[in-house]
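What follows is one structure encoded as structure tokens, with my remarks underneath.
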Amino acid sequence: MGAYILKRLALTVPILVGLSIVVFAMMALIPGDPATAILGAYATPENVERLNRQLGLDRPLVAQYFTWAGNLLQGDMGRSFALNRPVADEVFERFGATLVLAGAALVLASALGLLAGIISAVRQFGWTDRALTLLVLVGVSTPSFWLGLLLIMLFAVELRWLPASGMFAIYGGGDLPDLLAHLAMPAVTLAVVAAGVIARLTRTAMLEVLRQDCISTARAKGVAERRVIYVHAFKAALVSVIPLIGVQAGFVLGGAVYVETVFQWPGVGRMLVDAIARRDLLLVQGGVLVVAAFYVLFNLLADVAQTLVDPRLR
Amino acid sequence: MTCRRSALGAAPVPAPTPVPATAPAPATALLGAALAAALSVAAPAPAQTPPGVLVVAQIAEPQSLDPHAVTAVNDFRILMNIYEGLVRYAPGTLEVEPALAESWDVSDDGLVYEFALREGVSFHDGAPLDAEAVVFNFERMLDEDHPYHDTGPFPLSFFFSAVESVEAVDPLTVRFTLEAPYAPFLSNLAYPTGLIVSPAAVGAHEEDFGRNPSGAGPFRFVEWVSNNRVVIEANPDYRDGPPDLEAVVFRPITDANTRVAEMLSGGVDVMVEVPPDNLAMFEDDPRFDVHEQAGPHLWFLILNTREGPMADRRVRQAVNYAIDKTALVENVLSGTAEVAAGPTPPAFGWAYNEALEPYPFDPDKARALLAEAGHEGAELTFYVTEGGSGMLDPVAMGAAIQADLVRVGLDVTIETYEWNTFLGRVNPGLEGKADLAQMAWMTNDPDTLPYLALRSEATPEQGGFNSGYYANPEVDRLLEDARRSTDQDERARLYREMQAIVQEDAPWAFIANWKQNAVTSAKVAGFELQPSFFLLLRDVTKN
């Protein structure tokens, strides 16, 4: 197990190096350059050249890449010229915010999805099952930016229970209740689709397990029905649900870009969109690298978790 | 004061009066509603903004608070309240008046400007604002060997590229010597690039000065929490008396719908750049005031005068007649712009030619001109951008313009590009690529746009923005003379004459002048938008 994890970790190094080269080349190939983006209407060739010199962008691309890589090895990710601050500060701060949002959404989606899936399976074809199936269908089909705006209109504008946007209050606040108040709407918005997908799969997995002999045996032995469902059947179904939750984690991270925009959540998705528009090369590099590294890590964790739950994989 | 990196940092402004938490209703049938309510049990209801503190919704996170390092109006809105320059625009105009400098003299040849500074002014960090400090500011930007030149970059330093030297004559007198007469110099000093920063703060923070700003303006910097807020507070020692507001909080809210929602829910007191569709709603609501102000902005089409049908002046005039500009500003832009008459926006009151009338919408005249020129049914390529600084609603506007041109028999093909890509295609010139291209400019002096984009010596080959290759020796002469003249009335006369000629020659299709808008809550008083598009909060009050 330890050797397996080490091997997987070692494999991420060439992945990240390759990725950084691709991103660097892509940013160089797309039209437009940082100096033009900064100068806008004033981007005369003369002004662009002068600004490129000040930004250190007049050197050959390969040289720029090696300088960046060399600095990275010493823990320096460079400086964002659009934000005038170190890339590392910005990336980790923004990535932290995304993790809070995506993490909350994933926990919420898993809890709701599993619960709804189990209830649906137990009450198969009953009215609860039908209502839940309908709700799941609505959830999976709702565009998140639209749902987000509706929630804002209801809870922030009409009822004034929750703040409309941001991660913390701009005065006072800054504590956990403040964070939760700001987190509620974006987390729900982000969780809805994933919850629907998880519910559907849990329902299928549970139905499959409930038909198996071990469940009949348990019931024949007189185990309480609650226990049969929530312990015996659910544990067996979890094996096929966990990898799905791993996949959903990826979707939630991706979907966070829209939700971050609607709710002004200071996450890494919006940061990357802005950085690309401004041709802020080092910020794009740093952001992509950190996101990719964590993505690889999450996949690894999901694989390890599955191994631990399912004795057959050990 | 250092910048707090953690968004959990202590609150910088007086704690708000707590509003009792409303008990959320029990879970409803809606899954989302139930969850939101459940999560909010422990949370206080969002408070109204505290009294004396003005919360402003900005359109983006600022890039820097170093006025010499930035180019965006979004940043200028903060900077104009922290810093002051030697001169400034008089309220409601684009005419220069004294600020840190009490008065100034210009030599007869227009080469030497001598400014007398006000006595007893100091920066927020306590250092005196004297002639040496002013010299430091300009040398940092202009002299590549200056010890703090590497605290840049300084993208707009070319505003002062005419400056040959700047020296401190005595502690309260600064002398600028120019290489050649350059009349827009004063106007450029009134721009944010001319704001005066504290040399001591630059020395202390170096490249991080942009996050630890110190100036001599009516407000001083408190903190910048990334992606959350920039806070400034009243400067009790401001030379003209402290402002009434205790503090101002700038919040970056990039999504326009979210900005509107924050305004409606009471989370902000001021929002700028209101989407046109929402203006009517705010106008009808007594809780809000709507403000509008035309600015030095021009939205136009560059026409390729070097080749193809547009080389013929009659075709260019036909394009101007064919476009229904009133419909564009009323319908596509919901009244957030006015129809433009010529190359100079009316906001430059002193230099604007009042006699000019916009080209009327006259498709028959357009057809007649096309027939006369023998270019009926000409095939044209039209560059459209997806968005960009000052471009308003370019895709919808492009489609409407295309429809107007098709109606007079022209065969117009649109090519759409992302903004930076678009600039990369248009700025090098339209030759061999397109017949028409969208463009918008916002400038601070009537010289800037025509000098950079209409002179025959300003073609892209020569480093200018005349991407349509317009050339008229008379226009060249008028612009050169206006630049050399130090007499404002004489300059105004030259610019008015230039506008009449350019309108007749029609190197561009003149479309719209944008009106900046803002919404304030009814509690806010003394708020006024400026033609410069700066946000000046010195005289704003909040009850």
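Rounded to whole Å, the principal axis extents of the Cα atoms in the stretch B:428-543 read 58, 39, 25, largest first. How far is helix A:127-141 tilted, in degrees, relative to the longest principal axis of the Cα atoms in chain A, given as a value from 0 to 90 rounded to the nearest 10? Around 10 degrees separate the two axes. Projecting label points 7 angstrom from Cα along Cα→Cβ for residue A:305 and residue A:8 puts them 1.2 nm apart. When every Cα-Cα distance of the protein assembly as shown is counted in 20 angstrom steps from zero, the calculated P(r) takes the values 14, 41, 33, 11, 2, 0 percent.
Calculated [222 nm] ellipticity per residue, helices only, for chain B: -7500 deg cm²/dmol; basis is -39500 (n - 2.57) per DSSP H run with n ≥ 4, divided by all residues, nearest 500. Against chain A, whose longest principal axis comes from its Cα atoms, helix A:61-73 is set at around 60 degrees. Compared with the dominant Cα axis of chain A, that is its longest principal axis, helix A:268-277 is turned about 30°. Distance from the C-alpha centroid of the stretch B:211-283 to that of the stretch A:236-314: 34 Å, rounded to the whole angstrom.
Sorted from greatest to least, the principal axis extents spanned by the alpha carbons of the stretch A:107-176 come out as 51, 24, 19 Å. Placing +1 at every Lys and Arg Cβ and -1 at every Asp and Glu Cβ, with all other atoms neutral, what dipole size does the stretch B:297-515 have around its Cα centre, in debye to the nearest 20? With only Lys, Arg, Asp and Glu charged at Cβ, the dipole is about 120 debye. Placing +1 on each Lys and Arg Cβ and -1 on each Asp and Glu Cβ, with no other charges, gives the protein assembly as shown a dipole about its Cα centre of roughly 5780 debye. In this Cβ point-charge picture (+1 for Lys and Arg, -1 for Asp and Glu), the stretch A:87-313 has a dipole of about 940 debye about its Cα centre. The modelled label-to-label distance between residue B:112 and residue B:457, using points 7 Å beyond Cα along the C-beta direction, is 2.6 nm.
Considering only the Cα atoms of the stretch A:1-150, their convex hull presents on average a projected area of 15.5 nm².
Using the rule -39500 (n - 2.57) for each DSSP H run of four or more residues, divided by the residues of chain A, the 222 nm mean residue ellipticity is -25000 deg cm²/dmol. Sketch the reach of a paramagnetic label on residue B:379 as a point 7 Å from Cα along Cα-to-Cβ, and name the residues of the stretch B:295-321 whose backbone nitrogen lies under 16 Å away. Residues passing the 16 Å test: B:308-310. May I ask you to list the residues of the stretch A:233-247 whose amide nitrogen lies under 15 Å from a point 7 Å from Cα along the Cα→beta-carbon direction of residue A:221? Under 15 Å, as judged by backbone N against the label point of residue A:221, lie A:233-236 of the stretch A:233-247. Entry note, the stretch A:87-313: relative contact order of 32 percent, from Cα contacts under 8 Å with a spacing of 6+ residues. Remark: C-alpha extents of the stretch B:62-107 on the principal axes read 37, 22, 17 Å, sorted largest to smallest. Total lysine pairs in the protein assembly as shown at Cα distances under 20 Å, for residues eight or more apart or on different chains: 4.
Normalised by residue number, the volume inside the convex hull of the Cα atoms of the stretch B:297-515 is 107 Å³ per residue.
From largest to smallest, the equivalent ellipsoid semi-axes obtained for the stretch A:190-314 from the alpha-carbon gyration tensor read 41, 16, 8 Å. Among B:441, B:508, sorting on how many other beta-carbon atoms sit within 10 Å of each Cβ, with the fewest leading, yields B:441, B:508.
Each Cα pair under 8 Å and six or more residues apart adds its separation to the average, and for chain B the resulting relative contact order is 19 percent. Note: the stretch A:87-313, Cα convex hull, 148 Å³ per residue. The local environment of residue B:67, defined by Cβ-Cβ distances under 14 Å, has a net charge of +1 under the rule Lys, Arg +1 and Asp, Glu -1. Rounded to two decimals, the Cα radius of gyration of the stretch B:263-412 over 2.2 N^0.38 Å is 1.24.
In this simple spin-label approximation, residue B:411 and residue B:504 carry label points 7 Å from Cα along the Cα→Cβ vector, and these lie 3.5 nm apart.
If I take R0 = 60 Å and measure r between the Cβ atoms of residue A:150 and residue B:357 in this structure, what FRET efficiency does the formula 1/(1 + (r/R0)^6) give, to the nearest 0.05? E(calc), rounded to 0.05, equals 0.80. With a/c under 1.5 counting as rounded, go ahead and sort chain B into rounded, prolate or oblate using the C-alpha gyration tensor (a ≥ b ≥ c being the square roots of the eigenvalues; past the cut-off, prolate if a/b is larger than b/c, else oblate). Oblate.
The numbers here are math on the coordinates, done by the rules we state, and not lab data. What you are looking at is a predicted structure, and each value in this text was computed from that prediction instead of being measured. As a convention, Cβ positions derive from the backbone with ideal geometry for all residues, glycine included, and neighbour counts pool all protein chains shown.
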